[in-house]
1. Give the residue that is least open to solvent (accessible area, probe 1.4 Å), with candidates limited to residues of segment 252-265 that are away from the ligand (no atom under 11 Å from the Cβ) and in a helix (DSSP H, G or I).
2. Name the single residue that is least open to solvent (accessible area, probe 1.4 Å) among those in segment 625-678 being part of a loop (DSSP other than H, G, I, E, B), in contact with an Asp or Glu (Cβ under 8 Å, 6 or more places away or on another chain) and at pLDDT 90 or above.
3. For segment 161-168, does any single residue satisfy the condition of being within 16 Å of the ligand (Cβ to nearest atom), under 27 Å from THR213 (Cβ atoms) and more than 24 Å from the chain's Cα centre (by Cα)?
4. Inside segment 317-359, can you point out the residues that are within 16 Å of the ligand (Cβ to nearest atom) and out of contact with any helix residue (DSSP H, G or I) (no Cβ under 7 Å at 6 or more places or on another chain)?
5. Test ASN92 against the stated conditions and say whether it is out of contact with any strand residue (DSSP E or B) (no Cβ under 6 Å at 6 or more places or on another chain) and surrounded by 15 or more Cβ atoms within 10 Å (Cβ to Cβ).
6. Restricting the first residue to segment 524-539 and requiring it to be over 13 Å from GLU558 (Cβ atoms), which pairs with a second residue that is basic (Lys, Arg) and open to solvent by 10 Å² or more (accessible area, probe 1.4 Å) meet a Cβ separation below 7 Å and a spacing of at least six or different chains?
7. Only residues that are basic (Lys, Arg) and either away from the ligand (no atom under 15 Å from the Cβ) or free of Cβ contacts under 8 Å to residues at least 60 places away in the same chain (or both): list them for segment 83-137, please.
Amino acid sequence: MSASGPPAQATKRAAELRTEIGDHDRAYYVDDDPRIGDDAYDALLDELRTLEAEHPELLTADSPTQRVAGGTRPSDRFVQVRHLEPMLSLGNARGADEFRAWEQRLHNRLRSLDIAPGELRFVSEPKIDGIAISLLYENGEFVRGATRGDGTIGEDVTHNLRTIEAIPPAIDDPPTKIEVRGEIYFPRGAFAELNEQRASEGLSTFANPRNATAGTIRQLDPEITASRPLSIWCYGTGAREGIEFATHSEELEWLRSHGFKVQGDVGEHETADEIVERCQWWEQRRESLDFEIDGCVVKVDQRGLWRELGVTGREPRWAVAWKFPPITATTRLNKVVWNVGRTGRLLPFAMLEPVHVGGVTVSTATLHNEEDLARKDAREGDEVVVTRAGDVIPQVIAPLIQRREGRRLRRAKPPKKCPACGTETIKPEDSVWTICPNRRGCPGQNFQLVKHFRGAMDIEGLGEKNAMRFLDQGLIGDPASIYDLSAERVAELDGFGETSANALIVEIERSKRSPFGRVLYALGLPGIGYVNANAIAEHFGSMDALLAADADAITEVEGIGPILAEQLREELADEAVLELIDRLRERGLRFELSAAERRAESGPLEGKTFVLTGTLPELSRDEATRMIRRAGGKVTGSVSKNTDYLVAGDSPGTKLAKAEEVGTEILDEDGLRAVLAG
Ligand code: IVH
C-alpha cells in the first residue's frame, strides 16, 4: 500500500464489484430471479475481499463483504419468524489440503482446551445444494416452517412446506418441541421437465434446480408449490425441548426413525484419510445423483464437543464444508450461432472462448431459445458466466453487463434463412419464436426429431451415432423409416456384421411394443416431456381420443395448463405431425393403452373424476392418486363441472372455492377411504 492511497484501478474495480454484487443480490433476494450461479457470485465476492485486504482503505462499512455470512434480509412478502436457535453457516475447505489444515486446527484447539482428542469421531454427509429450511414441531405437530433468511430471522413458508410429501405433518413419540433442519431440493429429472415445459409455454426458465427450489418455496400460492415435486434431505436439529442427543449420528438416526428423509450414505470416520477418501467418492458420484450437491459436510460426531469448540462469527468450529470445484466459469461469448430444432424453432447457441468448467473444456454452450436470449441479453463480445453439470449441455447463465465497459455490443438476431435448409424463416405475429416453416422437408428438423425419437424409444444398438449415420447415408429419413430398415442393408455398413444387424432389427421390432405414453413422448411435441406424455396417455387412453379432444379437455390432464393445451392442439392439427403419426401407426406402434393398462383402469370408481388439493393427514398425494387410479378413477389437475369429487386436506388453496362454486362433492381423507371402499 502506498502513502498516496490505493491505485485508481483498484478503487475503480472495487466500486464496480460492489455495484455488480449489489445487482446480483437484488436479483436473487428481491426479484427471485438470480442471474448467476453461487460459484460465480462467490468469485466476485472473493475478488472484492482480496482487493480490500490488499488495500484496507477501500473497505467501506456497507461493503457486501461486511455482511453477516450468507443471506440478507428477508423480503416483506412473507411473515418473518425468528428461529428458536440461529441457523449457522459453514466454513469452507477447498480440497484435501485445506481440509487437513482444518482438522489440524481442530486438534490444536482441543489440545488448548485440554480435551483429549483420542476419541474424536467424524460424520460426513453430502452438502445438498438447495434451500435451507427449519421445521418446527410442537408436541408432534408440524406447526411452522421457515427459510433460513439471515440465519436469525427467516420467512414463514409453512403453507408451501405442507405440500411437500417428504415432510411429515406429524410425528409419533414426540419431544415437546423440536426444530428439524434440512435442505429442500428440486429433483434433477423433474427440473429438466419443468424447464422444458416453461420454455414451451413461453415462460422464463430457471438457471438450475436450486433457483427453481427458491422460486417454488417462496410462492404465495401453495397450489404452484404442490404442482412441483420438491423434496427434502434432513441433516440436523435446532432448538429442542424434551430430547437430547449425545452424538450427531444418534440425532440423524432419531430423524430417520421419525419419518424424516435422511441421507443413507452418511459416513462415520476416525481419521482424516478416511474422510478425504469419502469426500472424493462423493465428488465422483456427484453427477449421478438425482439432487445437486456442492460439497461434503464433515462434522464432529460428539455433540458434547460442539459446545466446547464453539462458533466463530456464524461458523461452528466443529463442522466444515469440503467444497467441490466450481462448475461455473466466466469466459467470452465470441459468436451466437443458430440451429433448427425438431419443431422448426430456431435455437441459439454460444461459441465461447474455450474455458475449463468442472474438469472439462467447454467451447460451445446452449442459450436455450430466442426468448431466453433476449431476456438474458447476452451479446457477442460479452463476458458470460457458463455452467455445466453432469451430462447436461453446458449453458450460458448470464452476461456480466458491467464488464462491457462502455463497448457497444449488438444483440444477436435469428437468421433470415434456415441454417439447415435455406428456407426463409418466419416469426408468426403472436409468437416469441422464429421458425423454419419447412416442417417436412428440412433436414435439420428431421435430424433433431430422429435424435429425440431414438433417445425416447431407447432402442438398444441404435445409439445416437448410428442413427445419425443411417440418416446421413439415406437409410432412414424420418423416425418412422427406422421401422423400414432391413438387416441386409444394415449389415453392409462398416462396423456391422450379420449378427449385429439382425440383433438391431430385433430390438427395433421389440420397440414397437413400447407403451402408448412412451410413443407419445417420442413424437417430440413441444412441452410434452415423458411425465406429461404419460399423463395424457393415461387420461385419454388412445391417440384417437386425444385427437378428438379440444384444448379445454386437454387441460383436464394433471400438469397441463391452458397454454400448453392450446399448443398441443395446434401441433396435433399440423399435417406433418399427423403424417408421422399415421406412418408410425402403419408400422405397428402403439397408439392406445394396452389391455393390461386398461384393466388397471376399470374398477368401482370407473368414470369418476377426482381432484386433490391441500395436504391429507396420512396419505401423500401420490398414494391417494394411485389408490384412486387403482380403483378405476381418474385424477385431474383442476376442478370443473365434470369433477365428481374434490379431496381436500389442510391448506387447500383455490380449488376448494372452485369446487364449492360448481357444487362438486368435497371429501376429506376418511371420505375418500369410504368412497374407495365402495
Ligand atoms: S449442517 C452448522 N449439513 O449448507 C451446520 N448443512 O453453508 C449447519 N447444507 O445453510 C449446517 N447440506 O443449509 C449441514 N448435510 C448438511 C448440509 C448442509 C447442505 C447447507 C445448509 C447451510 C449451508 C451451510
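The values are calculated or read from the model by the stated rules, or taken from the named source; none is laboratory data. This one's a predicted model, so the numbers in the text were calculated from it and none came from an experiment. Ideal geometry is used to build each Cβ from the backbone, glycine not excepted, and the neighbour counts take in all protein chains shown. Side chains are part of the model used for accessible areas, which takes the heavy atoms of the whole protein and leaves out ligands, DNA and RNA. Shrake-Rupley method; radii C 1.70, N 1.55, O 1.52, S 1.80 Å.
1. This residue is LEU255.
2. Only one residue tops the list, namely THR664.
3. No: zero hits.
4. ALA319, ALA321, LYS323
5. No.
6. Between residues of segment 524-539 that are over 13 Å from GLU558 (Cβ atoms) and residues that are basic (Lys, Arg) and open to solvent by 10 Å² or more (accessible area, probe 1.4 Å), the close pairs are GLY524/ARG342.
7. Of segment 83-137, the ones basic (Lys, Arg) are 94, 100, 105, 109, 111, 121, 127.
If the condition is that a residue be basic (Lys, Arg) and either away from the ligand (no atom under 15 Å from the Cβ) or free of Cβ contacts under 8 Å to residues at least 60 places away in the same chain (or both), then ARG100, ARG105, ARG109, ARG111, ARG121 are the ones that fit.
Listed here are the residues, each with its yes/no results for (1) closer than 30 Å to VAL360 by Cα; (2) not hydrophobic (A, V, I, L, M, F, W, C).
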residue: GLU287; (1), (2): yes, yes
residue: ASP294; (1), (2): yes, yes
residue: TRP306; (1), (2): no, no
residue: LEU309; (1), (2): no, no
residue: ARG317; (1), (2): no, yes
residue: VAL320; (1), (2): yes, no
